[in-house]
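Here's the structure we're looking at; comments come further down.
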């Protein structure tokens, strides 16, 4: 006998169709016009018959003549089609979920199906507290979203009719295949993977974290759901029953996060703060805080930065426990069971990292972010700035190149134009206030500025005790690295506000985080820019102006060539540094850095005296350069001990 399926191109649907085909029966798929190509691609099998239809039309839009000819020839139907979109208008969700179910019932009756297998959801339980059994339905529970309401009403329609025998399935949160990890899109807990990946990048795996415990959830893999529906649908004597396709034991949200964190080799939540602690706050204090516009904006900004839809948070946890007695009895004697999340979380993470991670299409995402936009880059005549200009121009941006050496700027522009891009050149000395003001006036008279990259800088490697008679070096460093960047930023703020927003990238240094000896002038100038940015960013975020600070590790550029030691030290290339600038523009994080930099900040906060002693040891290990006035007459090649430490603390300039 044959089966009829709606929603066959969906994630559960295509796995279910594969199971049905293993039984060697014919399968009829009702597919909307927009998904016909996808259906033909997925199901290249002569036993699959694809019918064009529409959930919102009577008989699902299939021809009445076909329904009459197929009457009594299709044994069972599977109704999976619905709309799961947290941003969809309520009426659209209702048309797909409620009207679609009503039209499916009409078709089922016309075909005289032996049984209609309706795939509902545990969402029908809403905010019910306690145990929700498979026989439970209307317990006056709160239904918090249009999706919950549509699932509830669709199930009510199925239950209240008598024309067609039925079986109802209520899956919980469905994730990828437990054996292959396959998943079709970012959904549910996958929205937190970006945050886990970011944490892994910044913090070593062994560092314990503190985080919230927001409640219980219930996660099952798609292969379990498809296997269970297929098996139960073909067992006799189960009509009129409902089956919870859930884990019999709900998982705490913190357990889920830790399972995926371990799979990602990221730090885990060693201390989880139960959300019920909030109940101890004075009545209404939390809701009052969330009612403050600034607090709402901060919460929304955090979620947006992590790529987590705010609507998702209320749909990942449950207030009740789902009894699975009926499903357990129907699956007894089979190998169909919910595996432990810990066992298959590594496969889910691996598949996400290989196929779904938004970072995989960084080039395409960068092009979407910068195409046709003007990006002013200081220090663009060589090194990091030049490499960033080339990369951004290749992605479709229009770099505005700024430096003192106009000849080198023009060479860079010519290279960009020869490669098919566009660029503009403006010479300026950013350590001179008048030059900065003239630069801004000239640039804004001709071009808008969407992004500013404060990259120009100078570095001095000299012990403070050897700089007693060279305080002008501190003044020169501060004039360019801090005052020049701060002045340029301030002159751009009004322009960006008038345009409705903008982004500013400051190239800082890992030295601000780890405080290496001999760089007091350089680190102080960058630390000043960091502090300036932290203050100003809070003032202008409401105008749509955002900042990213890059704590750049050691980069092999002309700026480090005078120090002989660095020839033997590990350093990233200018092109790798340019990728960090591109990522700052693409995703607009608050900060980009390295794990070592983060560890340095934490270590200094916890044990500053110990860090001083450790850094003093490195101070004695790495001598001053001859130009700095040190006692050593000529700089020697790096020793094995120096090279070993430089590799252990990769990226720090000593």
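Please arrange 352, 206 by counting, for each residue, the other beta carbons lying within 10 Å of its beta carbon, fewest first.
Details: 352 24, 206 7.
Placing the least packed residue first, the sequence is 206, 352.
Computed over all pairs of different Cα atoms, the Kirkwood value for the hydrodynamic radius of the range 7-93 is 14.0 Å. Residues 92, 326 in ascending order of nearby Cβ atoms (within 10 Å, fewest first): 92, 326.
Between helix 222-233 and the chain there is an angle of about 0 degrees, using the helix long axis and the longest principal axis of the Cα atoms. Any idea what diffusion coefficient the range 360-648 gets from Stokes-Einstein, in µm²/s, Kirkwood Rh on alpha carbon pairs, 25 °C, 0.890 mPa s? Estimated diffusion coefficient is 124 µm²/s. Here the residues 490, 478, ranked from fewest to most Cβ neighbours within 10 Å of their Cβ, fall in the order 490, 478. Output the 0 to 90 degree angle, nearest 10, between the alpha-carbon long axis of helix 383-394 and the longest principal axis computed from the alpha carbons of the chain. Result, in degrees: 40. Put simply, the C-alpha atoms of the range 11-166 give a gyration tensor, and the ellipsoid matching it has half-axes of 28, 17, 16 Å, longest first.
Rounded to the nearest 0.05, what FRET efficiency do residue 359 and residue 64 have when you use their Cβ-Cβ distance and R0 = 35 Å?
Once the sixth-power term is evaluated, E becomes 0.10.
The modelled label-to-label distance between residue 471 and residue 186, using points 7 Å beyond Cα along the C-beta direction, is 5.2 nm.
Based on the Kirkwood radius over alpha-carbon pairs, what value in µm²/s does the Stokes-Einstein equation return for the translational diffusion coefficient of the chain at 20 °C and 1.002 mPa s? Translational diffusion coefficient: 74 µm²/s. Quick one: if the Förster radius is 51 Å, what FRET efficiency do residue 161 and residue 576 give, using the C-beta to C-beta distance and rounding to 0.05? E(calc), rounded to 0.05, equals 0.20. The largest-to-smallest principal axis extents of the Cα set in the range 2-356 are 65, 41, 40 Å.
Could you work out [θ]222 nm for the chain from helices alone, using -39500 (n - 2.57) per DSSP H run of at least four and dividing by all its residues? Round to the nearest 500 deg cm²/dmol.
Result for the chain: -12500 deg cm²/dmol, rounded to the nearest 500.
Once the Cα-Cα distance is subtracted from the 0.36 nm per residue extended length, the residue 643 to residue 371 segment shows a gain of 93.7 nm.
Looking at the range 2-356 alone, DSSP beta bridges between its own residues are antiparallel in about 10 percent of cases. Helix 11-22 and the longest principal axis of the C-alpha atoms of the chain enclose an angle of approximately 50°. Of the beta bridges in the chain, as assigned by DSSP with both residues counted there, near 5 percent are antiparallel.
Any read-out appearing in this document is the output of simple, stated calculations on the displayed coordinates, not a laboratory observation. This one's a predicted model, so the numbers in the text were calculated from it and none came from an experiment. Here the Cβ is made from the backbone with ideal geometry for all residues, glycine too, and neighbour counts use every protein chain on show.
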